[in-house]
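Working notes, beginning with the structure itself.
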Amino acid sequence: MKILIIGAGIGGLAAARALGADGHEVVVFERADKLRTEGAALTLWSNGTGVLSALGVPTEGLGAPVDVLEQHSWDGKVLLRVDLAHAVRAYGHPHLSTPRRDLIQRLAVGVPVAFSRTFTGFDQDEHGVRAHFADGTTESCDLLVGADGYRSAVRGQAWGADPARPSGWSTWQGLSAVDIEITTSRRGLMILGPEGMVGLMPAGNGLLQWWFDLRWTHNPPPLRERFGHWASPVDQVLDQVRDEEMEFFPHYHFKVPKVWSSGRVTVLGDAAHTMPPTVAQGGNQALEDAWALARALREEPSDVRRALARYERARTRRAALTSRVASAEPANQYRPTLSRLAPDAFLGPIYTRWLRMVSTYLGTHAGR
Ligand SMILES: Cc1cc2nc3c(=O)[nH]c(=O)nc-3n(C[C@H](O)[C@H](O)[C@H](O)COP(=O)(O)OP(=O)(O)OC[C@H]3O[C@@H](n4cnc5c(N)ncnc54)[C@H](O)[C@@H]3O)c2cc1C
């Protein structure tokens, strides 16, 4: 089958690898003139790294493993501790905090990408789809996959008006050489206070993935003024990161529908389920989509529409659940009394169960 994928982000590249490995003729069209590697770091949980192993993407030396997540209050008290390694033992796949550029570069190996090609629209009939580009060219295919992110043009035509809305929260984030204990540990820290949430994760090679979640309406809110009075290590992080390392991202979300496809056209990744990064699943869910789409086409090789219906059955419910939880911005709620009531011993198993609830891949492969 000839398959065109719009967008060379995590979802598009993963889908190209999965579909190409099944013998489909796949080309990715990307509007940027090279791979987009900005965006600091991201956390891949056992579901995302499980999909990477299924796609043959090596994870050795990718970022840093994370086995424990602690929640602290802004003034330095430990509120709770989650044994994340419980899920690693259950599923056999690590949690990794990795520079985004490293993940993108590994996913892109062997994937044909046509750069500087901006998709503008499609038309289709029962025989195929024609994708149109800003340079006036048209490409024909049997299946068109929109992996073109939170303002997806493919989704815009297939679903109608853009549903993505700001959630009222935002993130300042970066990847920096910050000399604190967390940077070389296997431990993530989430620090909460009335001003918002600070996340710190080791990302390998002496780098720290750091982010500040805070409320947002119009202009990017000032970072150092809001969090400057927080206890260590937040003060050390603010001292050591440089202004040019800071990236600002408003959070967007929408209600994930049950139907993603229209005829021979479908969507995946943020195009299908833009969600705030508070449960760090957007990229993991994009990997899940890519894997599930390839599997559905293997199971229904002679009927694209049936394959897409199968893909949706595998993905929409789990992506919708993930998006609903992420949109409630749970990681940003400062409730120290409630946090202290949560018994640490239960949190590892609860997290393991949560991952399976939002994962098609683990639900299929993790009998252990
Ligand atoms: C601050 C922040 C932190 C995050 N942290 C995590 C995390 O820890 N874990 C996690 O799993 N997720 C995280 N996410 C979410 C994750 O980054 C996204 O869910 C993921 O990158 C989505 O990948 P995608 O391939 O669907 O879309 P994108 O990465 O947006 O890729 C879309 C691609 O399509 C291209 N494109 C767009 N329009 C067109 C067009 N018309 N024609 C051609 N090409 C086009 C774009 O240039 C882009 O390359 C985070 C997000 C943010 C903002």
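Every number here is computed from the coordinates shown, using simple stated rules; none is lab data. Everything quoted here is computed from the prediction, not taken from an experiment. Note: ideal-geometry Cβ built from the backbone for every residue, glycine included; neighbour counts use all protein chains shown.
Assorted remarks:
- Its residue count N sets the reference 2.2 N^0.38 Å, and the alpha-carbon radius of gyration of the chain equals 0.98 times that reference.
- Sorted fewest first by neighbouring Cβ atoms within 10 angstrom, ILE10, ILE350, ILE191, ILE104 come out as ILE350, ILE104, ILE191, ILE10.
- In terms of surrounding Cβ atoms within a 10 Å radius of their Cβ, HIS251, HIS365 rank from fewest to most as HIS365, HIS251.
- With contacts taken as Cα pairs under 8 Å at a separation of at least 6 residues, the stretch 133-257 carries a relative contact order of 30 percent.
- Fraction of antiparallel bridges per DSSP, the chain only, in percent to nearest 5: 70 percent
- Set of lysines with alpha-carbon distance to LYS255 below 23 Å, sequence-local pairs under 8 removed: none
- By the count of other C-beta atoms within 10 Å, a proxy for reagent exposure, MET190, MET275 are ordered fewest to most as MET190, MET275.
- Gyration tensor analysis over the Cα atoms of the stretch 110-229 returns equivalent ellipsoid semi-axes of 41, 20, 12 Å (largest first, whole Å).
- Angle between the chain longest axis and helix 344-357 axis [Cα atoms, degrees, rounded to 10]: 10 degrees
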